[in-house]
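K.L.:
One structure follows; several queries about it will come next.
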Protein chains: 2
Amino acid sequence: MAPEPSTERRPARAGNTAVQVRDALRDAILKGEYLPGERLVEAQLCVRMETSRFNVRAALADLAAEGLVEVQRNRGAQVRKVSMAEAVEITEVRMVVEGLIAARAAELVDPDRATELDEIGVLMRRAVEAGEHRRYSDLNQRLHALVREIAGHATADRIVETLRGQIVRHQYMLSLVPGRPETSLPQHERIIAAIRGRDPKAAEAAMREHISSVIEALRAIDYLGS
Amino acid sequence: MAPEPSTERRPARAGNTAVQVRDALRDAILKGEYLPGERLVEAQLCVRMETSRFNVRAALADLAAEGLVEVQRNRGAQVRKVSMAEAVEITEVRMVVEGLIAARAAELVDPDRATELDEIGVLMRRAVEAGEHRRYSDLNQRLHALVREIAGHATADRIVETLRGQIVRHQYMLSLVPGRPETSLPQHERIIAAIRGRDPKAAEAAMREHISSVIEALRAIDYLGS
DNA sequence: AGCTGGGCAATTGTTGACAATAATGGGGGC
DNA sequence: GCCCCCATTATTGTCAACAATTGCCCAGCT
């Protein structure tokens, strides 16, 4: 009988473990509690996360590997500032990798998943017609996640997830662009249709076309913004 | 990536820095001095790398993020064992990302680089005709590196480099397959021609066809091997 | 006033020791 | 003889203190 290692055992010293700190800090950055360019002082994070500098340091190193923070020797860490050019690059890579995922999904889709895809498609159309942008954005994420789940491509998954984390801020800006849902809805519907139809090439093409239009929208924001 | 700017300053006290340790350890793993599944005991690495456990630990964390080693809590680190299925997955992602790179290269190639491409193409043909497999393998790497350099896509570069590191062992096996150079030479030549001709779609298609055949070869090895 | 240089405070880099955990091997019971 | 349990050992996880570096502020000079 194994005693619960976490609840009973009082490690005498309080303090969250390195993994917890890493996840908490990632969430905080993704939520925008720390803005790009903001310095991440180790001592401050120690009190915020209720842990030791050792764990903070490990967490920062991990997030640096993920591309969320940037550490300079003897100068500390700061939230990485991704330029629009980088955001475009990242989205380009996402385009081709998600294309691969869509193709695999079209090969591996089963009736249950196909039904789920349809449901999301219907909900998306309703959300757009009702002008519920926030809801549409959530469904968008659910669709991409479901496609990835169907494909079951662990390597591609990991990469897409890492890349997505790096540009959450830009994606947020994107969702505010007026007319964006109306543009992307038919693209999403084509992706769903292609996967349902078990047509890998069409699914890849549809996904790439979709994300390609995301890139165009990003570039458009760039013009307006700066 | 950018080389560490601080190479001049020697911190007086012995012991290599974390970055040096990371690079050295990566080289050692890639060279096969540590085999997949082999345990990487921190204390041993300390003496091997002439540094402190702190740096060893940081290096291991970095390499874990790169996918070269695997760390289990309280159980230490070991060289990651990539299954053939994973190697195929990794190469699939490489296929689409290098396809993107080839397309960009076709857009951005200049006369000087075009000449370099031609030179590599000529040397490759000679190497195959002379049966110099080792030389051909080197040229293969040079070709892919040059294409990436022409494309100048930092994000895609980083990903391809990371993925490549994870399957060096499998790639080595691949180079031993008889008849492999004869298969891949015309593929390489098509890639070069497409980039020279500034035809992005053709370049992407050629690159994907090439790496697709690499995947087939990997699968073939799998049958024979196990 | 603007610039240069030195000292000071804030922050990070590093170390060694100690605690907690998993692996190992030996002794006793069946 | 074989198996299980417990002590021992090897290894990793964590910490707090110390050393080194950077950037800043201000005095003094041109």
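The values are calculated or read from the model by the stated rules, or taken from the named source; none is laboratory data. As the structure is a prediction and not an experimental result, all values here were calculated from the model. Cβ atoms come from the backbone with ideal geometry, glycine included; neighbour counts cover every protein chain shown. What goes into the accessible areas is simple: the full protein's heavy atoms, side chains included, and nothing from ligands, DNA or RNA. Shrake-Rupley method; radii C 1.70, N 1.55, O 1.52, S 1.80 Å.
K.L.:
Residue B:72 versus (1) within 20 Å of residue A:63 (Cα to Cα); (2) away from DNA strand D (no atom under 14 Å from the Cβ); (3) not acidic (Asp, Glu): which is the lone unmet condition?
P.N.:
Failed condition: (2).
K.L.:
Do we find that residue A:61 is open to solvent by 30 Å² or more (accessible area, probe 1.4 Å), at the interface with chain B (Cβ under 9 Å from one of its Cβ atoms) and either over 17 Å from residue A:169 (Cα atoms) or not charged (D, E, K, R) (or both) in this structure?
P.N.:
When the stated conditions are applied, residue A:61 passes them.
K.L.:
Go through the stretch A:46-82 and give me each residue that's within 13 Å of DNA strand C (Cβ to nearest atom) and not hydrophobic (A, V, I, L, M, F, W, C). Full working, then the answer.
P.N.:
At the first step, the residues of the stretch A:46-82 found to be within 13 Å of DNA strand C (Cβ to nearest atom) are A:46-48, A:52-61, A:64, A:69-79.
Those that are within 13 Å of DNA strand C (Cβ to nearest atom) and not hydrophobic (A, V, I, L, M, F, W, C): A:48, A:52, A:53, A:55, A:57, A:70, A:72, A:73, A:74, A:75, A:76, A:78.
K.L.:
Give A:16, A:55 a once-over and let me know the one that is in a loop (DSSP other than H, G, I, E, B) and either away from chain B (no Cβ under 11 Å) or open to solvent by 50 Å² or more (accessible area, probe 1.4 Å) (or both).
P.N.:
Within the list A:16, A:55, the selection yields A:16.
K.L.:
Can you give me the number of residues within the stretch B:72-82 that are within 29 Å of residue B:155 (Cβ to Cβ) and more than 11 Å from every other protein chain (Cβ to nearest Cβ)? Steps first, answer last, please.
P.N.:
Keep residues of the stretch B:72-82 that are within 29 Å of residue B:155 (Cβ to Cβ), which gives B:77, B:79-82.
Narrowing further to those that are more than 11 Å from every other protein chain (Cβ to nearest Cβ): B:77, B:79-81.
So the answer is 4.
K.L.:
Confirm whether residue B:85 is open to solvent by 60 Å² or more (accessible area, probe 1.4 Å), within 24 Å of residue A:96 (Cβ to Cβ) and facing chain A (nearest Cβ under 10 Å).
P.N.:
So residue B:85 fits the description; yes.
K.L.:
Can you pull out the residues in the stretch B:74-100 that are at negative phi and outside any helix (DSSP H, G or I)?
P.N.:
Residues satisfying the conditions are B:75, B:77, B:78, B:79, B:80, B:81, B:82, B:83.
K.L.:
I would also like to ask the following. Hey, among the residues in the stretch B:87-124 that are in contact (Cβ under 8 Å) with a residue 60 or more places away in the chain and charged (D, E, K, R), which one's farthest from residue B:157 (Cα to Cα)?
P.N.:
Our first condition is that a residue be in contact (Cβ under 8 Å) with a residue 60 or more places away in the chain; within the stretch B:87-124, this holds for B:87-88, B:90-107, B:109, B:114, B:117-118, B:120-121, B:124.
So of that shortlist, the ones also charged (D, E, K, R) come out as B:92, B:94, B:98, B:104, B:107, B:118.
Values: B:92: 15, B:94: 10, B:98: 9, B:104: 12, B:107: 16, B:118: 22 Å.
For the stretch B:87-124, the residue satisfying everything is B:118.
K.L.:
For the stretch A:26-52, give me each residue that is in a helix (DSSP H, G or I) and buried (at least 19 other Cβ atoms within 10 Å of the Cβ).
P.N.:
A:29, A:45, A:49 - these are the residues of the stretch A:26-52 that are in a helix (DSSP H, G or I) and buried (at least 19 other Cβ atoms within 10 Å of the Cβ).
K.L.:
Is there a residue in the stretch A:141-150 that is modelled with pLDDT under 95 and within 14 Å of another protein chain (Cβ to nearest Cβ)?
P.N.:
There is no residue in the stretch A:141-150 that is modelled with pLDDT under 95 and within 14 Å of another protein chain (Cβ to nearest Cβ).
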